[in-house]
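A.B. asks: Below is the structure I would like to discuss, written out as structure tokens.
The values are calculated or read from the model by the stated rules, or taken from the named source; none is laboratory data. For clarity, every value in this text was computed on a predicted model and none was experimentally measured. Every residue, glycine as well, gets a Cβ built from its backbone with ideal geometry; the counts of neighbours run over all protein chains shown. Quick note on the areas: whole protein, heavy atoms, side chains included, nothing else; ligands and nucleic acids left out. Shrake-Rupley method; radii C 1.70, N 1.55, O 1.52, S 1.80 Å.
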Amino acid sequence: QVQLVESGGGLVQPGGSLRLSCAASGFTFSAYAMRWYRQAPGKERELVAVITSPGGSTNYKDSVKGRFTISRDNAKNTVYLQMNSLKPEDTAVYYCNARRVKADYWGQGTQVTVSS
């Protein structure tokens, strides 16, 4: 059974930090590119960060460059999103995604709220 389970969301003040985790199971994790998406109320889902398989390359949405870092631990089947210098506009539900040819898996999401 394929599962992606996000955790680590919460409420923080502007300028604060959070680390999101996504625990994967039921597929060959190291073979998949991993991505973080987010969706704010009333807005389209947007791609935040990508890390390739097995993890040598990363890319980010322009608005989070220099603040967010995606990483993965293939031995633990886990992908992370370290979020620093958080802004109110980062408020969203964050989703973990595994993408490969003929496969596209999603987690349930974790809420991140940035507010004074």
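A.B. asks: Please go through the stretch 17-26 and give me each residue that is in contact (Cβ under 8 Å) with a residue 40 or more places away in the chain, open to solvent by 30 Å² or more (accessible area, probe 1.4 Å) and more than 22 Å from G66 (Cβ to Cβ), ordered by number.
C.D. replies: Passing the criteria: A23, S25.
A.B. asks: Report, by residue number, each residue of the stretch 72-88 that is in a loop (DSSP other than H, G, I, E, B) and in contact with a Gly (Cβ under 9 Å, 6 or more places away or on another chain).
C.D. replies: N74, N84, S85, L86, K87
A.B. asks: Residue by residue through the stretch 28-51, note down the ones that are open to solvent by less than 60 Å² (accessible area, probe 1.4 Å) and part of a loop (DSSP other than H, G, I, E, B).
C.D. replies: Across the stretch 28-51, the qualifying residues are Y32, A40.
Each row is one residue, and each column tells you yes or no for (1) in contact with a Leu (Cβ under 7 Å, 6 or more places away or on another chain); (2) under 26 Å from L11 (Cβ atoms).
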residue: T69; (1), (2): no, yes
residue: N77; (1), (2): no, no
residue: M83; (1), (2): yes, yes
residue: N97; (1), (2): no, yes
residue: R100; (1), (2): no, no
residue: G107; (1), (2): yes, yes
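A.B. asks: Which condition number does E46 fail, the rest of (1) in contact (Cβ under 8 Å) with a residue 60 or more places away in the chain; (2) out of contact with any Cys (no Cβ under 7 Å at 6 or more places or on another chain); (3) under 20 Å from T113 (Cβ atoms) being met?
C.D. replies: With (1) in contact (Cβ under 8 Å) with a residue 60 or more places away in the chain; (2) out of contact with any Cys (no Cβ under 7 Å at 6 or more places or on another chain); (3) under 20 Å from T113 (Cβ atoms) applied to E46, the lone miss is (1).
A.B. asks: Right, another one. Within the stretch 106-116, work out how many residues are over 16 Å from E46 (Cα atoms) and modelled with pLDDT of 95 or more.
C.D. replies: 3
Per-residue answers, yes or no, for (1) within 21 Å of S116 (Cα to Cα); (2) at pLDDT 95 or above; (3) part of a loop (DSSP other than H, G, I, E, B); (4) touching a strand residue (DSSP E or B) at 6+ places or on another chain (Cβ under 9 Å):
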{"residue": "L20", "(1), (2), (3), (4)": "yes, yes, no, yes"}
{"residue": "S53", "(1), (2), (3), (4)": "no, no, yes, yes"}
{"residue": "N59", "(1), (2), (3), (4)": "no, yes, no, yes"}
{"residue": "R99", "(1), (2), (3), (4)": "no, no, no, yes"}
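A.B. asks: Another question about this same structure. Identify, please: which residue in the stretch 1-16 is surrounded by 16 or more Cβ atoms within 10 Å (Cβ to Cβ) and among the small types (G, A, S) and is, among those, farthest from T91 (Cα to Cα)?
C.D. replies: G8
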